[in-house]
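The structure under discussion appears below in the form of structure tokens.
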Amino acid sequence: MFSFFRKKDSPPPQGSGRAAAASSTQPASSGSAAGAASELATAPSRDPGWFTRLRQGLRKTGSGIAGVFTGARIDAALYEELEAALLMADAGSAATQALLAELKRRVKDAGATEPEAVKALLVDVLADQLAPLQKALVVGDQRPTVMMVVGVNGAGKTTSIGKLTRHLAEGGCRVLLAAADTFRAAAREQLAVWATRASHAHGSAASDGNTMVQIVSQEGADPAAVTFDAVSAGRARGCDVVIADTAGRLPTQAHLMEELKKIRRVIGRAQEGAPHEVLLVVDGNTGQNALAQVKAFDAALGLTGLVVTKLDGTAKGGVLAAIARWGVAERAPGQGPVPVYFIGVGERLEDLQPFDAREFAEALLR
């Protein structure tokens, strides 16, 4: 679940200045206004069917690894097969070697003699290796909490924003979305559809007449200007969260990466200390390429969190182990791993859930 946040009394309405003059604001749907000075959980209770869907989504990855333990002997051949299976799952060489070394140590310490016992120990080892990635997304320490969402084309940024908005709305947050993907056809419309679905999932009317989810957009405008206006509007309207959707781009496109850096700087001008979260959405189907994206976007922007999508049906779910290993062993000292805030296994609003290392390991290997 999300962490808790403390909601403060809404500031008195102010003129939205440039935001009101330059931006079109589209209410997505009505929702309930959050009360003053209270602590609220910003996520609904876990869907009871989530673990089953996660397990089904990871079946292609898990079956290749779990199949190693069908024999009756624990020997060098078993570890060789396991190494191959982990590499095929895109766990990467460094993470694979770390997992195997720790597994062998625990097998020896436990005196395990059955393949099923070794598999159970592998679950524990994998959960421990992934644990540095598990961290709750905190909103409410700043108001608004400003999030910048980035990623390559087709990773699922806009869809993930819609699902995240649903979680926030259910937790009582008033959310403003910045449609900063200003040139892709129907990008604003897609964001509006997801925002409407998120608000409908919340399902109640605002007591003060304000909508729970709003959108700031400017057709064909400079993306940095849209985000500036959105953050300014979010502050003026007492929103809890502002989320900026950006255009997809490859990290090798230098001029487009510079545009992202500009957006980040402009957000900081609109609100000191913002953006508070820079989230990269990565497609779990891309395997080791996902790790390359994490490294590149982190170097350019300083990532604070990840959303890993489309894990359903992929045989490359081991990439989370590679991301964890890189974060622990190679990321700049003092930074630590980039946490995985959410993983997704489908298109429904409920199919984006907070990442839990133990749950992931269990779903993958049990």
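Every number in this text was worked out from the coordinates using simple rules, so none of it is lab data. Since the model is a prediction, treat every value here as computed from it, not as a measurement. Quick reminder, even Gly has a Cβ in these numbers, built from the backbone with ideal geometry, and neighbours come from all protein chains shown.
Quick look at the numbers
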{"item": "Ordering of 58-67, 330-339 by burial proxy (mean other Cβ atoms within 10 Å per residue, highest first)", "result": "58-67, 330-339"}
{"item": "From phi via Karplus (6.51, -1.76, 1.60), per-residue ³J(HN,Hα) for the stretch 78-89 in Hz, x at Gly/Pro", "result": "4, 5, 5, 5, 5, 4, 4, 5, 5, 5, 5, 7"}
{"item": "Rg to Rh, two decimals, where the stretch 229-366 supplies the alpha carbon set and Rh follows Kirkwood", "result": "0.99"}
{"item": "Gain on full stretching of the segment that runs from residue 131 to residue 79 - 0.36 nm per residue minus C-alpha separation", "result": "16.4 nm"}
{"item": "Ordering of 159-166, 101-108, 280-287 by burial proxy (mean other Cβ atoms within 10 Å per residue, highest first)", "result": "159-166, 280-287, 101-108"}
{"item": "Proximal charge balance of residue 340 [Cβ under 11 Å; K/R count +1, D/E count -1]", "result": "0"}
{"item": "Computed lengthening from residue 219 to residue 104, 0.36 nm per intervening residue step minus Cα-Cα distance", "result": "35.6 nm"}
